[in-house]
Amino acid sequence: MMFMVAWKIPPGCYKAAVERFLSTGAPNPTGVKTIGRWHAPGSSSGWHVVEGDTAGVAELEAVWGDVLELQITPVIEDGEAASSLAKVYRK
């Protein structure tokens, strides 16, 4: 399953978050694969799309939860969404 992880560095955590990112490279837990990660220049927020199981995503949140505010949302691609919508609207 894919998840969109929207992150924001809260006030007072910027330096700790940046130092952790630079020192570790932000590796994923076992079973989680990065699809893409984007940073909003000039801000303290960004997005990380990952693929994996819910336990791995929960571990990702646990690793970063002390320095980032995370909003994790399961997402599907257009083809999957179209298939589901067709089942309902093309009866």
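The condition of being touching a residue at least 40 places away in the same chain (Cβ under 8 Å), of a type in the set (Gly, Ala, Ser) and at negative phi does not hold for Ala82. Of all residues in the stretch 61-86, those being closer than 14 Å to Met2 by Cα, in a helix (DSSP H, G or I) and either open to solvent by 60 Å² or more (accessible area, probe 1.4 Å) or among the aliphatic types (A, V, I, L, M) (or both) number 3. The residue pairs whose first member lies in the stretch 22-51 and is of a type in the set (Lys, Arg), whose second member is part of a loop (DSSP other than H, G, I, E, B), and whose beta carbons are closer than 9 Å, counting only pairs six or more residues apart or on different chains, are Arg37/Ala26. Residues in the stretch 1-54 that are open to solvent by less than 70 Å² (accessible area, probe 1.4 Å) and closer than 15 Å to Pro74 by Cβ: Met2, Phe3, Met4, Val5, Ala6, Val32, His48, Val49, Val50, Gly52.
The values are calculated or read from the model by the stated rules, or taken from the named source; none is laboratory data. All values derive from a computational prediction rather than experimental measurement. As a convention, Cβ positions derive from the backbone with ideal geometry for all residues, glycine included, and neighbour counts pool all protein chains shown. Heavy atoms of the whole protein, side chains included, go into the accessibility calculation; ligands, DNA and RNA do not. Shrake-Rupley method; radii C 1.70, N 1.55, O 1.52, S 1.80 Å.
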